């Protein structure tokens, strides 16, 4: 347990802090770290006065209670019954627009990514969308995305109870200021610096008065994470769980 | 089997002839005679080149394959996958408007009936709507309905692939001329006359060149009706089946 | 998944329906929580906006007769082979309820809009019907993909509470509905869902590969009460038939306000047969019982 | 209900997908008819308009690679942990397929409109996304119950054929789908539905009170083929895992058109492991097999 916190564990712990108090968090496909963070949030919230956080992990059989097909997540979101969700992006810009389609012209363009998934919809409807992208480079964080899969908040009088709440990368954590519609750097991960964040970010952002070092998960979180949460996420992401387990000080049985 | 055909059997046989060739007929609530006619149509159609008529009897467990709730009938109808349905009316007028709500002013008015059910929708969408009302009086067949639950065809450029196909009463059978939008008397039931129909009908209608006596069901239909169909309809309408059975020449075991 | 403690007794369940609630209920074939309805009447709930999916019978009639209902939104109130709803008819004539006459698919469309968090759903048909004249929550719009093609927009019906009866629940708060799929729609569309069930089973219904696809997950369920024969005097599929003698007595007695009071007194007192009290109103019955 | 003779062999099933069909398929978790997809490739079906609900992986990639597809309508084509779809990416760059980029709930909305016989369904979100610029079947309209409230109308997606894999069928033509409810949507929305199943059971699924609520009735099903392990090389719930070695070899080999030809040749030949043919295109393989 005294083993150093890995970067993955730091990210999981950071996301779980962003999820504190949510009633229902959903996790999309191909999202092992957000999934682990959601499961950690649930484990931490059990027995609390507000009741345990509900977690719906797409692709899981055990941690997903939906019985109305793939549309159920979207219906719940529009009803305001999903409090938090995760989106990434091949490109993300300073207006919080995200691009999951491709670069340099559409449709043939340069790089082509899989597609927009549910982003164009959920970004408008889920109040606490957490943008998560580990790669923190100017390739990802661009001045202006080449294609808007899902639009950041803007003055268009469109129904938009949702939107970006924070953005976590491999280097740092940003808040998103909904009034000024700007990212605000809150903390930098251990081993990294504000200068590095500036160098690797292609858009302007604000900086909090006190930029801290991103806090590691506390002992309770770490115990839950490396035990129950690791087992739970392994049902949906066995390869991720296996790699994570290999970093633990005392290897558990597979 | 040589027993006289009862009025109920005449109606069932007449409806079955109107249903000949339909792929899928649905039968609404509180409709034992249309239900029996639909089941007779299925029995007669089995083994035909076009395949058996599909029957969906609302309220039945055995003769209803729907698994998507009450909306499934309406969805199928809008897709054009229900060929025939039955509607009645507290009042019906010569423009084929039907009233299932009440008389003399809305909402408090005179007589109040249960309500419009699915009529306002299905009347537009099902190509072969058979209007069926046993009571044939000027109280029912009025010059103009007091409340339009479901509107007859009219020049309003509204999407309306469906509409009235025929109207069967306790006295007679009308065709509905879709071009001229008029009821056309086709046949009068045994024991009744054209004069009686005129006396009891509050709206103008056309009369076919050759008004015949409504034909009784043939021997094949009568055997199926009094055997298999009577048993099948008894699942949904036990009281109706019991009363019918009591009219048969050799009482079957209950 | 942890055990959810949402199993309550039926009075506690009925207490979760506030006065003035928009309450959505199912038709007889789908599952009607009659035992819970009795507790609503006993409690004297008031000013309900009752939405029936898409029609109702005895349940709506007794709630109306007992003065629990301000508004009825329905495509049909009828006791089917037993006749028209006597309290419904009386209330309409007296103008003591507001009636929102509907057509069945419009009720489904309004609930589906609520389920989907949409302001409205389009629906074919209806145009030309007088129903449309009396509904400001139904509007004719243009089909944006058509030419001169009008279609009706049905505003969302967002119920406060759904109340219905189902076959099975488990101790994790999940409810099995079998083929009565529209109960899922009621639960999804409503802010709060209350369910009575014939039976509470061990194990988790969501782990049962045969039943899980026809199970409403606990996510939508506020409370469940175990109510065997909870549809009586209505019948429930193959489990028990409708109590036809009770229904016939009901229709006879409820023709007058006094007769209906006698029905209610006897119904609140137990599950037995109804005894017509010739010439006796509720006052006398209450006196006799005291 | 009589026994329906719609059980066919898998080649006969694939023959029911005409060239040029708008074909709707499910995502990996819901049930992908891979064995039937192999028969489509073997037959050389052409010009499909492939609609994925809402995303696809290997199935879309092989159909695109094999030249079966003219248009892809999808919210995402990805092999998930195995990487991007190599044939999809190549076809996009070459401009050899028309891409209708979507967002997941819009695919569901378009199918639900078709299911309901509606010209469109409204949908929140999307406005501001560049997706909207490239879709003339998505239009911004006014919410008739709002004030200055724009909402997107999604035109119906009416597929000619739905093709998917399910756990069970019976000899009456009914198909059990369990929790994969969106398969019911595919069947309801499409003119013709083709299903492969792991198992054919005796008895009528609609008479099984546990399963009937999660059963697509024969009414919607054109043909069923019995295809045990019909999702291979994909995995199927708890029944069998994804063939990860095959998938890794696929992603490696399909990076080039020649490598993909070798994949197809081996895939059409059997259910075994993929062997990379260094320097060997389909021509050589075909020669070796002759």
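Classify the range A:1-97 as rounded, prolate or oblate from the Cα gyration tensor: take a ≥ b ≥ c as the square roots of its eigenvalues, call it rounded if a/c is under 1.5, otherwise prolate when a/b beats b/c and oblate if not.
On the way: a/c = 1.63, a/b = 1.14, b/c = 1.43.
It is oblate, given that a/c is not under 1.5 and a/b is not larger than b/c.
Going by the alpha-carbon gyration tensor, a ≥ b ≥ c the square roots of its eigenvalues, is the range B:111-170 rounded (a/c under 1.5) or, if a/c is not under 1.5, prolate (a/b greater than b/c) versus oblate?
It is prolate, given that a/c is not under 1.5 and a/b is the larger ratio.
Taking a cut-off of 16 Å, what percent of all Cα-Cα pairs in the range A:86-137 are separated by more than that?
So the portion of pairs separated by more than 16 Å is 42 percent.
Just for chain B, what percent of DSSP beta bridges are antiparallel, to the closest 5?
Taking every DSSP beta bridge with both residues in chain B, the antiparallel ones total about 40 percent.
Taking 8 Å as the Cα distance limit and 6 or more residues as the minimum spacing, I'd like the relative contact order of chain C as a percentage.
Working: 616 pairs, mean separation 54.2, N = 290.
Once divided by the residue count of chain C, the mean separation gives 19 percent.
Select the chain A residue whose beta carbon lies nearest to the rotation axis carrying chain A onto chain B, and write the distance in whole Å.
Value returned for chain A: A:68, 6.
In percent, how large is the relative contact order of the range C:148-290, given Cα pairs closer than 8 Å and 6 or more residues apart?
18
How large is the Kirkwood hydrodynamic radius of the range D:63-173, counting all unique pairs of alpha carbons, in Å?
So the Kirkwood estimate lands at 16.3 Å.
Can you pull the percent of Cα pairs in chain C with separation above 26 Å?
When all Cα pairs of chain C are counted, 45 percent exceed 26 Å.
How far is the Cα center of the range C:173-210 from the Cα center of the range D:228-249, in Å?
Cα centroid to Cα centroid, the span is 32 Å.
Normalised by the number of residues in the range C:8-86, what is the relative contact order in percent for Cα pairs under 8 Å and 6+ residues apart? Write out the running numbers ahead of the final one.
Values: 132 pairs, mean separation 23.0, N = 79.
Dividing the mean separation by the residue count of the range C:8-86 yields 29 percent.
Quick one: grab the alpha carbon gyration tensor of the range C:1-137, order the square roots of its eigenvalues as a ≥ b ≥ c, and give me rounded if a/c is under 1.5, else prolate or oblate depending on whether a/b is larger than b/c. Before the final figure, lay out each step's value.
Details: a/c = 1.87, a/b = 1.22, b/c = 1.54.
Note, shape of the range C:1-137 comes out oblate.
More than 34 angstrom separation, counting every C-alpha pair in chain B; what % is that?
15
Antiparallel versus total DSSP beta bridges in chain D: what percent is that, nearest 5?
DSSP beta bridges in chain D are roughly 30 percent antiparallel.
Let me know the volume per residue of the alpha-carbon convex hull for the range C:3-77, in Å³.
90
Under a 10 Å cutoff between Cα atoms, tell me which one of D:106, D:273, D:94 has the largest fluctuation in the Gaussian network model of chain D.
Comparing D:106, D:273, D:94 in the GNM, the peak value goes to D:94.
Quick one, what does Rg over Rh come out to for the protein assembly as shown if you take C-alpha atoms and the Kirkwood Rh? Each step should come with its number before you reach the end.
Working: Rg = 31.3 Å, Rh = 31.5 Å.
Taking Rh as the inverse mean 1/r over Cα pairs, Rg/Rh reads 1.00.
Determine the distance separating the Cα centre of the range C:74-136 from the Cα centre of the range A:171-194; give it in Å without decimals.
53
Calculate how large, on average over all directions, the projected area of the Cα convex hull of the range C:226-280 is; give the answer in nm² to one decimal.
It is 4.1 nm².
Only bridges with both residues in the range C:144-249 count here: give the DSSP antiparallel percent, nearest 5.
The antiparallel proportion sits near 30 percent.
In whole angstrom, note down how far apart the Cα centers of the range B:18-81 and the range A:85-118 are.
Using only Cα atoms, the two centres lie 49 Å from each other.
If I take R0 = 25 Å and measure r between the Cβ atoms of residue A:246 and residue A:215 in this structure, what FRET efficiency does the formula 1/(1 + (r/R0)^6) give, to the nearest 0.05?
Values: r = 25 Å, r/R0 = 0.99.
Plugging the Cβ-Cβ distance into 1/(1 + (r/R0)^6) gives 0.50.
Can you give the direction-averaged projected area of the convex hull of the alpha-carbon atoms in the range A:145-254, in nm²? Before the final figure, lay out the partial values.
Numbers: hull surface 41.7 nm².
Taking the Cα atoms of the range A:145-254, their convex hull projects to 10.4 nm² on average.
So what's the back-of-envelope 222 nm ellipticity for chain D, counting only DSSP H runs of four-plus at -39500 (n - 2.57) apiece and dividing by all residues, rounded to 500?
About -8000 deg cm²/dmol.
With a 10 Å cut-off between alpha carbons and a GNM built on chain A, which of A:155, A:177, A:93 moves the most?
Result: A:155 has the largest fluctuation of those listed.
Given only helices, namely DSSP H runs of n ≥ 4 each adding -39500 (n - 2.57), what is the per-residue ellipticity at 222 nm of chain B, to the nearest 500 deg cm²/dmol?
That calculation yields -7500 deg cm²/dmol at 222 nm.
What is the Rg over Rh value, at two decimals, for the range D:98-155, using alpha-carbon atoms and the Kirkwood definition of Rh?
On the way: Rg = 11.3 Å, Rh = 11.8 Å.
When Rh is taken as the Kirkwood radius, the ratio is 0.96.
Quick one: plug the Kirkwood hydrodynamic radius of the range D:165-247 (C-alpha pairs) into Stokes-Einstein at 37 °C, 0.692 mPa s, and report D in µm²/s.
250
Which of B:150, B:50, B:77 moves most in a GNM of chain B, Cα contacts under 10 Å?
B:50
Bear in mind that the values in this text are calculations on the coordinates, not laboratory data. Treat the numbers as computed from the prediction; the structure is a model and nothing was measured. Positions of Cβ are backbone-derived with ideal geometry, glycine not excepted, and every protein chain shown enters the neighbour counts.
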